[in-house]
1. From the residues in the range 12-43 that are over 16 Å from the mean Cα position of the chain (by Cα) and in contact (Cβ under 8 Å) with a residue 40 or more places away in the chain, which one is farthest from G109 (Cα to Cα)?
2. Please determine whether any residue of the range 129-144 is modelled with pLDDT under 95, more than 18 Å from H221 (Cα to Cα), open to solvent by 10 Å² or more (accessible area, probe 1.4 Å) and not small (G, A, S).
3. Check whether at least one residue in the range 72-90 is more than 24 Å from T27 (Cα to Cα), charged (D, E, K, R) and open to solvent by 10 Å² or more (accessible area, probe 1.4 Å), and report yes or no.
4. Quick check on my filter: what residues within the range 1-60 are of a type in the set (S, T, N, Q) and over 29 Å from Q80 (Cβ atoms)?
5. Mind counting the residues in the range 216-255 that are at negative phi, in a loop (DSSP other than H, G, I, E, B) and either free of Cβ contacts under 8 Å to residues at least 60 places away in the same chain or crowded, with 18+ Cβ neighbours inside 10 Å (or both)?
Amino acid sequence: MENYSVHIPVVAICPMRGAADHRAEMTSQLLLGEPVEVIDEQKGEWLLVRSLHDGYEGWCQKVQLAKVSGDLPQLAGYEQGKTGMVNVNGQPIIIMKGTPVYQGSIKAGPYQLEFPLRDIDDPVGLMPNDALVKKHAMDYLNSSYLWGGRSVYGIDCSGLTQMVYRQLGVALLRDAQMQAAEGESVGFLQEARCGDLAFFDEPDGRITHVGILLNEQEIIHSSGVVRIDPIDHEGIIHRELGKRTHKLRVIKRYW
């Protein structure tokens, strides 16, 4: 296998685009310190990278990434607050909830990343439970919907589920259709429990939306903003408008 070089973003949020162009669609985002492998660097100021977290590929600005020297230190967990702080070359950078927090410093190209000591209430490996699901999901409440977003400043539906789940120690793929291919099916909404994912489809059968069930009657999802709406066996009902917005396709469980 070709020996790919491991890079990390040295900015708080690094857009991933569908093509090597600032005008191209943003398909996802990388958060500071998330490792990627470079698979193509033949596009001038752009690098084609693959996330080591979920295998997602996209083009990133070369200046926003740096090659890691040696091995990454051990992962302590993920940023617990809506925002936190990391020092890059002695200068503070505000990082987003869910950003990886390491137990040591990282040398990457001309950059030195230092992770100030902090309490990680939910260390890697903690068993998911109802309280943790709600704690992490609620931190994104009222965040704006952003196609490709993965932060409290803007997040899409599958970004929300992926980021909440990663803080529960469960790795999900990036897009709703990919996530729906994993997990175990739950037969009826009445059998659902907090943390199950509900998926919704279009008339042509394509799964295009996902949310996190808080119980058998409520779901938190990113639609306009991250919001909590009622759900029944047919789908989501907009709490304020009283109209049905998404048709339920399947419910999946991952732990």
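1. Among them, the one singled out is E25.
2. Looking for residues that are modelled with pLDDT under 95, more than 18 Å from H221 (Cα to Cα), open to solvent by 10 Å² or more (accessible area, probe 1.4 Å) and not small (G, A, S), one finds at least one in the range 129-144, hence yes.
3. no
4. Once the filter is applied, which keeps residues that are of a type in the set (S, T, N, Q) and over 29 Å from Q80 (Cβ atoms), the range 1-60 yields N3, S5, Q42.
5. 10
The values are calculated or read from the model by the stated rules, or taken from the named source; none is laboratory data. Here the structure is a predicted model, which means the values were calculated and not measured. As a convention, Cβ positions derive from the backbone with ideal geometry for all residues, glycine included, and neighbour counts pool all protein chains shown. Note: areas computed on protein heavy atoms with side chains; ligands, DNA, RNA excluded. Shrake-Rupley method; radii C 1.70, N 1.55, O 1.52, S 1.80 Å.
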